[in-house]
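Report on the structure given below.
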Amino acid sequence: MHLKTSYYKDIYALLKGLKTVQPLSQDFHIHQFSDTPNTWIKETSIFRSNTYSIILLTKGEAKYKIGLSDYHITAGSMYFQAPQHLRYYNRLSEWQGYVIVFMDGFFENHPTLKRLVTAFDGFKITSKVVVKLDDKVLSETEQMFQHLYDISYSTSVHRFEKAKSLLELIMLQSREHYNELYQHQKETKQHRIVKRFEEIVEEHLYDITTNKVERLINISEVAEQINVNATYLGEVLKKVTGKTPKEILSDRIILEARSLLNNTDMAINEIAYFLKFQDASNFTKFFKQKTGISPSKYRK
């Protein structure tokens, strides 16, 4: 299996794949957009990264796909990415601001930071991931990012321990502003069911791409995890999204397949087995039925 740049296993692979800067460490990194060289990719294909990111955009705009949603992100925004998120961006104008990237290992022995990261809604698969900041909050947040940046590039032997404390502060403020923006939005029971369905599908697709499961989940198993019957699940999804559970699951598999065809040199049969199809012919038939062309023609 020969992966190129679509599935980044760590910070080193991510920054190299995006042609940006050298990382500070294997578990933590921060840079300003002004630090990045001219080689930095303007538009990516869809990719995954086994990293968390917090990005503060102080100038510029971009189109983004993060998880299940598409965003038009503008200056004065802070946004969040987690390992389970599919990602894509297109810079519409030059950016200014900061990028924080970290791995699980950075907060593993820091209980408070770990709790803040793992419980934060902005890192969840189906949640909104963008927080728009007013001028006052933006100024305060920018100062915190700059402080973290300065400490991280200092000669202090304790710079990364200090960075953990500063990241904890950033996470606390992020949670506060995130909750102010989104907590008042009430969800119906049906919307909670849809959200849970999407979470399970996304988690399962992530497990597939990281080789943690042996087969594709079926709709009855998803319904069982949500504690509803499959028929009712289908009715709710059709009403709220306009699609059946099978259609949503199929669309997500096609998205993964397209990413693999676009961004890896895996053979068609390797992709088929990677996505838990019985054989290449079944995968080809499925792909052609959903897209109108064969995987080989799509790749060309």
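The values are calculated or read from the model by the stated rules, or taken from the named source; none is laboratory data. Owing to the predicted nature of the structure, the values given are computational and were not obtained by experimental measurement. Here the Cβ positions follow ideal geometry from the backbone for every residue, glycine too, while neighbour counts run over all protein chains shown. Keep in mind that these areas ignore ligands, DNA and RNA; they rest on the heavy atoms of the full protein, side chains included. Shrake-Rupley method; radii C 1.70, N 1.55, O 1.52, S 1.80 Å.
Name the pairs whose Cβ atoms lie under 7 Å apart, with the first residue in segment 102-113 and closer than 10 Å to Tyr52 by Cα, the second in a helix (DSSP H, G or I) and among the aliphatic types (A, V, I, L, M), and 6 or more positions between them or separate chains?
Met103/Ile11
Could you tell me whether Glu61 is acidic (Asp, Glu), touching a Ser or Thr at 6+ places or on another chain (Cβ under 9 Å), open to solvent by 10 Å² or more (accessible area, probe 1.4 Å) and touching a residue at least 12 places away in the same chain (Cβ under 8 Å)?
Judged against the criteria, Glu61 is a match.
Can you name the number of the only condition in (1) farther than 25 Å from Ile46 by Cα; (2) assigned to a helix (DSSP H, G or I); (3) open to solvent by 50 Å² or more (accessible area, probe 1.4 Å); (4) free of Cβ contacts under 8 Å to residues at least 24 places away in the same chain that Ala223 fails?
With respect to (1) farther than 25 Å from Ile46 by Cα; (2) assigned to a helix (DSSP H, G or I); (3) open to solvent by 50 Å² or more (accessible area, probe 1.4 Å); (4) free of Cβ contacts under 8 Å to residues at least 24 places away in the same chain, Ala223 is out only on (3).
Could you say which residue among Lys9, Lys16, Lys42 is surrounded by fewer than 17 Cβ atoms within 10 Å (Cβ to Cβ) and under 21 Å from Phe123 (Cβ atoms)?
Result of the check over Lys9, Lys16, Lys42: Lys9.
Hey, any hits in segment 175-195 for a residue that's touching a residue at least 24 places away in the same chain (Cβ under 8 Å), part of a helix (DSSP H, G or I) and of a type in the set (Asp, Glu)?
Scanning segment 175-195 turns up no residue that is touching a residue at least 24 places away in the same chain (Cβ under 8 Å), part of a helix (DSSP H, G or I) and of a type in the set (Asp, Glu).
Which residue out of Leu57, Leu113 is of a type in the set (A, V, I, L, M, F, W, C) and outside any strand (DSSP E or B)?
The conditions single out Leu113.
Mind checking which residues of segment 138-149 are among the hydrophobic types (A, V, I, L, M, F, W, C) and either in a loop (DSSP other than H, G, I, E, B) or open to solvent by 20 Å² or more (accessible area, probe 1.4 Å) (or both)?
Scanning segment 138-149 gives Leu138, Met144.
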